[in-house]
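The structure appears below as structure tokens.
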Amino acid sequence: MTMNLNRLLQAVLCAVALLGMPAFAQTFKMPCEVEATIPAAEDVKIKPQKVVIEIQSMGKNIFLKMNGPEPYTLIANSLATEEFTGKNLTTAKEMGAFRKHKVTGAESEIRIEQATVIVSAYHDTTYMGKKVRINITGPCSVPR
């Protein structure tokens with residue numbers, strides 16, 4: 001009887017430990033060489049940069065994050081929250097996500113074409129007191 005009680009206690013503790021752990025999604029990192037343009041300000045030159053795109057998938061949601069110096073930092077995901085709407089743009093030919101702030105209307109989007117591994121992205125920001133859209137594009141390499 002004591003042996004069965006010990007085993008039951010061990011099983012319960014193991015289940016509590018496993019269920020109490022947060023679910024982590026593996027992050028896939030992809031380096032890219034990108035350049036940005038501001039269509040509304042054609043005379044503005046933005047220096048090309050190396051960035052890293054982080055890709056995560058949890059359930060039906062996709063999370064894409066471009067890490068780099070400003071203005072090469074943006075987030076797009078399919079998760080809908082109180083502040084943002086999101087949309088998964090993934091198809092057979094590309095992976096992507098779109099995010100829009102419900103109050104300000106600021107949008108961001110990241111798409112990665114599967115065949116060429118070229119990223120195209122945009123995000124809304126303020127430049128010299130005006131709301132502008134920054135377009136970002138460039139090739140990425142898949143880490144081996």
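The values are calculated or read from the model by the stated rules, or taken from the named source; none is laboratory data. Just so it is clear, the structure is predicted and the values come from calculations on it, not from any experiment. Reconstructed Cβ throughout: ideal geometry from the backbone, glycine too, with neighbour counts over all protein chains shown. To get the accessible areas, we keep the full protein, side chains included, count just its heavy atoms, and leave off ligands, DNA and RNA. Shrake-Rupley method; radii C 1.70, N 1.55, O 1.52, S 1.80 Å.
Decide, for segment 80-144, between rounded, prolate and oblate: order the square roots of the alpha carbon gyration tensor eigenvalues as a ≥ b ≥ c, take rounded if a/c falls under 1.5, and otherwise choose prolate if a/b is larger than b/c, else oblate. It comes out oblate by the Cα gyration axes.
With all protein chains in place and a 1.4 Å probe, the accessible surface of segment 85-144 carries 56 percent carbon and sulfur. Sorting the segments 66-72, 79-85 by their residues' average number of neighbouring beta-carbon atoms within 10 angstrom, most packed first, yields 66-72, 79-85.
By the rule of a C-alpha distance below 12 Å, with chain neighbours fewer than 8 residues away ignored, the aspartates and glutamates paired with Lys29 are Glu54. Taking 27 Å as the limit for the C-alpha separation, the pairs Lys87/Lys131; Lys60/Lys100; Lys45/Lys93; Lys50/Lys131; Lys47/Lys131; Lys100/Lys130 exceed it in the case of Lys45/Lys93. Each label was represented as a point 7 Å from its Cα along the Cα-to-Cβ direction; for Glu35 and Val52 these points are 2.5 nm apart. Kindly identify segment 30-144 as rounded, prolate or oblate by the Cα gyration tensor criterion: order the square roots of the eigenvalues as a ≥ b ≥ c, call it rounded if a/c is under 1.5, otherwise compare a/b with b/c, prolate if a/b is larger, else oblate. Oblate shape, in that a/c is at least 1.5 and b/c is the bigger or equal ratio.
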